[in-house]
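Beneath this line is the structure, given in structure tokens, with notes to follow.
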Amino acid sequence: MKTIKTQVAIIGAGPSGLLLGQLLAKQGIDNIILERVTGDYVLGRIRAGILEQGFVNLVREAGVDARMDAEGEIHDGFEIAINGECTYINLKELTDGQVVVCYGQVEITRDLMEARAAAGLQTYYEASEVQPLDVKSGQPAITFTHGGEQYRLECDYIAGCDGFHGVSRKTIPSDVRQEYERIYPFGWLGVMSDTPPVSPELIYCRHERGFALASRRSATRSRYYIQVPLSDRVEDWPDEVFWDEFKTRLPPDAAARLVTGPSIEKSIAPLRSFVCEPMQYGRLFLVGDAAHIVPPTGAKGLNLAASDVATLYRIMTRVYRDNDPDCITQYSDIALRRVWNGERFSWWMSNMLHDFRGTENEFFSRMAESELRYYLASEAGQKVIAEQYVGLPYEALK
Ligand code: APR
Ligand code: PHB
């Protein structure tokens, strides 16, 4: 077995692992990433890209902001429609100037990958049998296989950035872990098409036939979603059937602008809320999807991963720069406060915008519509939505 060493071992080369690795390297903290699949496979994942200001600031701090600034779109707000009746949530006015940036997660991941390679930082792609060891000790390690050879990676700390299906969360004993979950009784059918988007910003639609979302990747590439039953398959939705349904759920003026075309990607994803507590165990820290999942309705998945990264990066900087190892005990509590806030907003947006008549009675639907109308009808209500959408400030270390 070949022994290698680093200061922070990172499991997973998704956005969480790559962003953390870049930020740590900027502080001179040595790190190695172990990734199960190839880089191309990671880049093949279709994911949302609505970036909070906190995320944008981190990407800038990591020195990987050039393409985001050149190609990302600044969105001052978004529409919420109830059966075609639109209310504009003016993020910029309601939050004293805060906005969001629309820039695909794949692009962020690509930029981080290229920066990591350019900096000569070590990433083991196609690493298998990754297994954290001795995480409660002062000398944790990870064994793994790569290129047919067995390795032992000795480190000071392990960042589990390995997503919902990774190995890190399971390393915390089941009698220590507390998991909270809600599975939603519907899915999202997503379609990508090289057609001009119906709107320069996003439109979230509550409609009697079900939820729809008009999003975008660029001025020439659209990303659209409709709520579908969990029993549906992609084959049930040929392009023309999708376009007709999507058009029906859009507000009339957007529907009139809709340009249809062949789908270049089509898939159905389930919706889940999930949180694991605690988010650390000894010298193992859970980051991003490894610890929590949100329904995409609030565009919080990537942004909650980023706030975990921000907290862990600042803790690691204090450990190595200020020789303050005890500050690691702050991670889980700080991370979870923001995670639960993001979980609540994503759960609320999902309840407000989707059709639950398959599982809840008509009274629930009327209550949800009435609550959404109440929030949209006042500046105070719109401000609550806006401050959550742009993201609350990151909590400082004690
Ligand atoms: N060993 C090594 N790598 C692993 C293992 C393992 N045992 N298990 C999973 N991985 C890798 C996956 O292949 C993936 O590349 O960890 C990475 C986890 O990446 P993500 O699932 O994208 O999670 P994260 O980086 O936290 O990003 C969160 O992704 O799912 C979206 O909405 C979510 O936008 C959010 C973002
Ligand atoms: C997307 O563009 O894929 C997207 C945007 C906002 C969301 C969900 C998905 O809330």
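Each reported figure results from applying straightforward, stated rules to the coordinates on display, with no laboratory input. All of these numbers come straight from a predicted model, not from anything done at the bench. Methodologically, a virtual Cβ is constructed for each residue, glycine included, from the backbone with ideal geometry; neighbour enumeration extends over all protein chains shown.
For the residue pairs K26/K266; K2/K136; K2/K300; K5/K300; K5/K26; K136/K300, alpha carbon separations beyond 29 Å are given by K26/K266; K2/K300; K5/K300; K136/K300. Cross-link partners of K92 among aspartates and glutamates, defined as those whose alpha carbon lies under 15 angstrom from its own and excluding same-chain residues fewer than eight positions apart: E52, E73, D76, E79, E201, E379, E387.
A Cβ-based charge dipole, computed about the Cα centre of the chain with Lys and Arg at +1 and Asp and Glu at -1, lands at about 540 debye. Exposure proxy ranking for Y151, Y157, based on other Cβ atoms within 10 angstrom of each Cβ and starting from the fewest, stands as Y151, Y157.
The calculated FRET efficiency for K26 paired with L397, based on their beta-carbon distance and R0 = 22 Å, is about 0.80. The mean sequence distance of close C-alpha pairs (under 8 Å, at least 6 residues apart), as a share of the length of the range 89-240, puts its relative contact order at 13 percent. Extension gain for the segment S128 to N57, taken as residue separation times 0.36 nm less the Cα-Cα distance, is 22.2 nm to one decimal.
Projecting the Cα atoms of L20, C161, I315 onto the dipole axis of the chain, where Lys and Arg carry +1 and Asp and Glu carry -1 at the beta carbon, places I315 farthest toward the positive end. In the range 1-153, inverting the average of 1/r over every pair of distinct C-alpha atoms gives 17.5 Å as the Kirkwood radius. Projecting label points 7 angstrom from Cα along Cα→Cβ for Q139 and I74 puts them 5.3 nm apart.
Cβ crowding within 10 Å, taken as a proxy for footprinting-reagent exposure, orders F364, F356, F246, F144 from fewest neighbours to most as F364, F356, F144, F246. Using a simple spin-label model with pseudo-atoms 7 Å out from Cα toward Cβ, A377 and Q7 lie 5.6 nm apart.
Summing Cβ point charges (Lys, Arg +1; Asp, Glu -1) relative to the Cα centre of the range 273-398 gives a dipole of roughly 260 debye.
Multiplying the residue separation of R337 and I46 by 0.36 nm and subtracting their alpha-carbon distance yields 102.0 nm.
Put in order of Cβ neighbour count within 10 Å, fewest first, the listed residues S215, S174, S365 become S174, S365, S215.
With respect to the chain, whose longest principal axis is taken over its alpha-carbon atoms, helix 105-118 is tilted by about 20°.
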